[in-house]
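First comes the structure, then the notes that go with it.
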Amino acid sequence: MIDNKNKATPIAVKVDDLTVAYNYKPVLWDIDLEIPEGVLMAIVGPNGAGKSTLIKSILGILKPIAGSVSIYGKPYDKQRKLVAYVPQKGSVDWDFPTTALDVVMMGTYGNLGWIKRPGQKQKKEALEALEKVGMLPFKNRQISQLSGGQQQRIFLARALVQNASIYFMDEPFQGVDATTEIAIINILKALRKAGKTVIVVHHDLQTVPEYFDWVTFLNVKKIATGPVKDIFNDDYLTKTYGINYKVSLQK
Amino acid sequence: MNIKEYIELLFTDYTLRTITLGTAILGAVTGMLGSFAVLRKQSLLGDAISHAALPGIAIAFLLTGTKDSNILLIGALVSGLIGTFWIRGIVKKTHLKSDTALGLILSLFFGFGMLLLTFIQKQPNANQAGLDKYLFGQAATLVESDVWLMALVSGICLLVLLFFWKEFKILLFDADYTKTLGFNTKFIDVLITSFIVLAIVLGLQTVGVVLMSAMLLAPAAAARQWTNKLSTMVFLAALFGAFSGVFGTAISATQNNLSTGPVIVIIAGVFVLFSFVFSPSRGLLFKQIRFIKNRRDLQLHKTLTFMFHIAEDHDNISHPHAIKILNNFHGYTRGTLQKLEKKNFVKLDGNMWSLTEEGYKTASNLYNQQNKTNE
């Protein structure tokens with residue numbers, strides 16, 4: 001059935017020949033990737049496999065040596081408004097003088113464009129997003145006074161405000177407790193239900209079958225991509241992680 | 001001279017008025033821009049830029065032979081910008097970290113500048129004296145046209161800041177994310193950096209190469225202590241900077257003509273010190289008070305819990321016990337016992353104590369994370 005659906009659904013993200021290198025060695029080599037619309041996809045792979053690099057170069061944060069990215073058939077540059085991003089929590093300084101609500105409001109800046117200031121409409125959208133992630137009571141809290149899980153939810157709310165079609169998330173479950181993890185995955189599942197495409201860099205192999213319906217194995221090269229029930233098996237796990245992958249599963 | 005006389009003098013004396021206005025504007029604009037430098041963790045950049053400006057001043061003099069401050073400042077601007085771009089280049093192209101790059105450029109440019117200054121001093125040219133005032137600044141050389149230039153640049157700076165406020169804020173907080181939203185982060189970045197360089201160069205004549213970075217950092221560091229809002233922080237930093245300028249000028253003018261630049265910097269330092277100690281939320285003083293109070297509460301609660309565990313073993317919780325048995329418990333004092341009685345958690349009767357119903361309930365729910373109202 002998924003195969004039928006696959007033929008009918010458009011391709012949300014298409015990556016062609018993407019190659020990225022920091023110094024001499026490539027971090028990503030010749031990645032071809034097609035992500036169909038409406039999937040909740042995990043990108044898995046060992047440390048240094050280039051998972052974060054992959055989404056950063058898709059989003060234009062890193063400049064690839066070669067390759068192109070298209071969103072719904074058009075170049076990414078023209079489709080930015082369809083794409084939202086949740087960076088790793090540790091990528092910013094949480095002692096920045098601002099409040100939770102203010103950070104979520106930043107999600108509206110892209111649609112506002114240059115110079116125009118956010119108004120009542122944007123504030124309402126931000127409050128709704130805070131409500132969705134269960135952070136409304138903390139809206140006026142200075143962001144350094146939030147716990148790690150709360151900070152992650154603020155980042156998620158900021159992406160929700162963008163009201164995009166495609167969501168890229170860099171390890172949203174890193175350092176959050178079990179309750180927050182469930183809260184986050186429920187939001188991601190709700191996004192999929194609404195027809196959005198969600199791409200998540202993920203570390204915990206055990207939860208892949210439970211959380212996701214699509215998976216990409218990555219280790220510098222793309223090993224495989226497809227439905228979890230078809231390709232999430234010993235064969236591909238070994239190809240990605242080496243023979244000792246079971247150790248990482250047990251962790 | 002008393003304060004009233006001084007204020008009168010401020011309005012009548014041309015030189016004093018010019019210098020006061022100039023240092024106030026300078027303090028305001030460097031404080032404002034310094035907030036951005038501090039939040040971008042580029043505090044040392046200001047120091048590097050100001051030191052890097054020195055050879056530019058010397059070369060401008062060697063080429064033109066004039067000491068017109070505008071021409072010298074253009075030289076400073078050019079060499080400051082070159083220094084900045086070299087720092088970036090080093091960080092990007094080599095494995096060196098930014099602190100190493102900053103230190104390297106700072107001392108190399110400063111050393112080269114000093115070399116040129118001594119070379120100029122050896123020349124048989126009557127015009128050569130006085131370039132070394134750029135080392136520590138000399139506010140007394142400010143004239144009205146300098147102040148107008150400062151006001152103009154500050155005005156433009158303020159306008160740009162108001163215009164691109166949203167873009168500045170998001171870039172400071174999360175540059176990568178800003179890029180994904182479609183903003184040209186390089187443009188915003190160059191805009192901020194250029195204004196920082198411009199503000200530094202403007203201050204060289206007044207405060208000098210060596211102390212300039214303090215003008216950038218001190219007001220911002222002080223302002224950060226008082227607020228958790230970016231706009232308030234920028235405003236406060238501008239205010240602290242302006243007041244440092246005004247007070248510094250006043251002190252240097254009334255006290256035997258102390259050198260103005262260093263006095264301004266020291267006043268700014270006093271603002272920082274005061275803020276570090278007395279700010280309500282981040283200040284050392286209130287932090288320490290909160291810490292001590294917190295410790296006391298904890299000790300009180302520990303004593304209560306200890307009593308609770310004794311009372312727990314008896315059928316009747318209000319069964320009296322000897323005060324003696326508390327003696328070997330760490331954290332117990334006569335004071336804590338009296339405090340507990342005041343809160344109606346225990347009853348005292350001679351040498352005996354007993355737990356009240358309320359004390360028993362409180363102790364059993366203490367630090368139970370599910371019902372936070374009990375804490």
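Semi-axis lengths, largest first, of the ellipsoid equivalent to segment B:286-373 are 22, 16, 11 Å, with √(5λ) applied to each eigenvalue of the Cα gyration tensor. Relative protection proxy for B:161-172, B:30-41, B:3-14, from highest mean packing down: B:30-41, B:161-172, B:3-14 (other beta-carbon atoms within 10 angstrom). Full extension of the segment from B:Ala322 to B:Asn257, taken as 0.36 nm per residue of separation minus the current Cα-Cα distance, would add 16.1 nm.
Output the 0 to 90 degree angle, nearest 10, between the alpha-carbon long axis of helix B:3-12 and the longest principal axis computed from the alpha carbons of chain B. On a 0 to 90 degree scale, this one is about 30. The lysines whose alpha-carbon is closer than 18 Å to the alpha-carbon of B:Lys293, local same-chain residues fewer than 8 away aside, are B:Lys302, B:Lys339, B:Lys342, B:Lys343. Remark: spin-label model distance B:Ser231-B:Phe11 equals 3.4 nm, labels positioned 7 Å along the Cα→Cβ axis. Using only Cα coordinates, the Kirkwood hydrodynamic radius of segment B:3-280 works out to 19.2 Å. Within 10 Å of the Cβ of each residue in B:178-187, the mean number of Cβ atoms contributed by other protein chains is 6. Tell me the per residue accessible area of the protein assembly as shown using a 1.4 Å probe; a whole number in Å² is fine. Averaged over the residues of the protein assembly as shown, the accessible area is 49 Å². Burial annotation for segment B:213-237: residues with an accessible-area loss of at least 10 Å² between the isolated chain and the complete set of protein chains, computed on heavy atoms with a 1.4 Å probe, are B:Arg224, B:Asn228, B:Leu230.
Taking Cα centre as origin and charging only the Cβ of basic (Lys, Arg, +1) and acidic (Asp, Glu, -1) residues, the dipole magnitude of segment B:3-280 rounds to 760 debye. Projecting label points 7 angstrom from Cα along Cα→Cβ for B:Val270 and A:Asn233 puts them 7.9 nm apart. Which Cα, out of B:Ile3, A:Gly90, B:Leu81, lies furthest along the positive dipole direction of the protein assembly as shown (beta carbon charges, K/R +1, D/E -1)? Going by the Cα projections, it comes out as A:Gly90. The angle separating the long axis of helix B:98-121 from the principal Cα axis of greatest extent in chain B is about 40 degrees. Can you flag which of B:Lys92/B:Lys287; A:Lys25/A:Lys89; A:Lys14/B:Lys229; A:Lys51/B:Lys287; A:Lys116/A:Lys222; A:Lys89/B:Lys186 are past 32 Å Cα-Cα? With Cα atoms farther than 32 Å apart: B:Lys92/B:Lys287; A:Lys14/B:Lys229; A:Lys51/B:Lys287; A:Lys116/A:Lys222. Amide H contacts of A:Ile43 (H built 1.01 Å from N, in plane; Pro and chain starts excluded): A:Val200, A:Val201, A:His202, A:Thr216 sit under 5 Å, all sequence-distant by 5 or more or on other chains.
Taking the protein heavy atoms of the protein assembly as shown in the context of the full set of protein chains, the accessible area attributed to carbon and sulfur is 59 percent at 1.4 Å. Summing both sides, the accessible surface hidden between A and B at a 1.4 Å probe radius is close to 2800 Å².
Note on segment A:62-132: the alpha carbon radius of gyration divided by the globular reference 2.2 N^0.38 Å gives 1.36. Sorting A:Phe155, B:Phe235 by solvent-accessible area of protein heavy atoms yields B:Phe235, A:Phe155, largest first, with a 1.4 Å probe. Residues whose amide H falls under 5 Å from that of A:Tyr72, counting only those 5 or more places apart or on a different chain, are A:Val13, A:Lys14, with hydrogens built in the peptide plane.
Take each residue in A:86-97, count the other chain C-beta atoms within 10 Å of its C-beta, and the mean is 4. A crude spin-label estimate for the pair A:Asn47 and B:Ile3, with each label 7 Å from Cα along the Cβ direction, gives 6.1 nm. Global size of segment A:68-220: 15.6, 46 Å for Rg and Dmax (C-alpha atoms, Rg to one decimal, Dmax whole). Dipole check for segment B:1-105: with +1 at the C-beta of Lys and Arg, -1 at the C-beta of Asp and Glu, and the Cα centre as origin, the magnitude is about 620 Debye.
Projected onto the charge dipole of the protein assembly as shown (+1 at Lys/Arg Cβ, -1 at Asp/Glu Cβ, origin at the Cα centre), which of B:Thr303, A:Gln122, A:Ile65 gives the Cα projection farthest towards the positive end? Ranked along the dipole, the leading option is A:Gln122.
Okay, helix-only estimate at 222 nm for chain B: each DSSP H run of n ≥ 4 adds -39500 (n - 2.57), divide by all residues, round to 500 deg cm²/dmol; what do you get?
Value at 222 nm, helices only: -24500 deg cm²/dmol.
Taking every residue in A:58-65 and counting other chain Cβ atoms within 10 Å of its Cβ, the average works out to 2. The residue list B:Ser281, A:Leu136, B:Leu211 was ranked by how far each Cα lies along the charge dipole of the protein assembly as shown toward its positive end, using unit charges on Cβ atoms, and A:Leu136 comes out on top.
Residue-wise HN-Hα couplings along segment B:139-147, as the Karplus relation 6.51 cos²θ - 1.76 cosθ + 1.60 with θ = phi - 60° gives them from phi, are 5, 4, 7, 5, 10, 4, 5, 4, 5 Hz; Gly and Pro carry x.
Normalising the Debye intensity of the protein assembly as shown to I(0), with uniform scatterers on Cα atoms only, and taking log10 at q = 0.06, 0.07, 0.09, 0.12 Å⁻¹ returns -0.49, -0.65, -0.92, -1.16.
Net charge dipole, the protein assembly as shown: roughly 420 debye, given to the nearest 20, about the Cα centre with Cβ charges of +1 for Lys and Arg and -1 for Asp and Glu. First check a/c for segment B:89-190, with a ≥ b ≥ c the square roots of the eigenvalues of its C-alpha gyration tensor; if it is under 1.5, answer rounded, and if not, answer prolate when a/b is larger than b/c or oblate otherwise. It comes out oblate by the Cα gyration axes. The B:Glu358 and B:Phe291 beta-carbon pair, evaluated with R₀ = 25 Å, returns a calculated FRET efficiency of approximately 0.35. Measuring r between the beta carbons of A:Gln174 and B:Asp313 and using R0 = 30 Å, the FRET efficiency lands at 0.05. Counting only alpha carbon atoms, the long axis of helix A:120-132 and the longest principal axis of chain A meet at about 50°.
The values are calculated or read from the model by the stated rules, or taken from the named source; none is laboratory data. None of these values were measured; they are calculated from a predicted model. Glycine also receives a Cβ, built like all others from the backbone with ideal geometry; neighbour counts cover every protein chain displayed. For accessibility, only protein heavy atoms count, side chains too; no ligands or nucleic acids. Shrake-Rupley method; radii C 1.70, N 1.55, O 1.52, S 1.80 Å.
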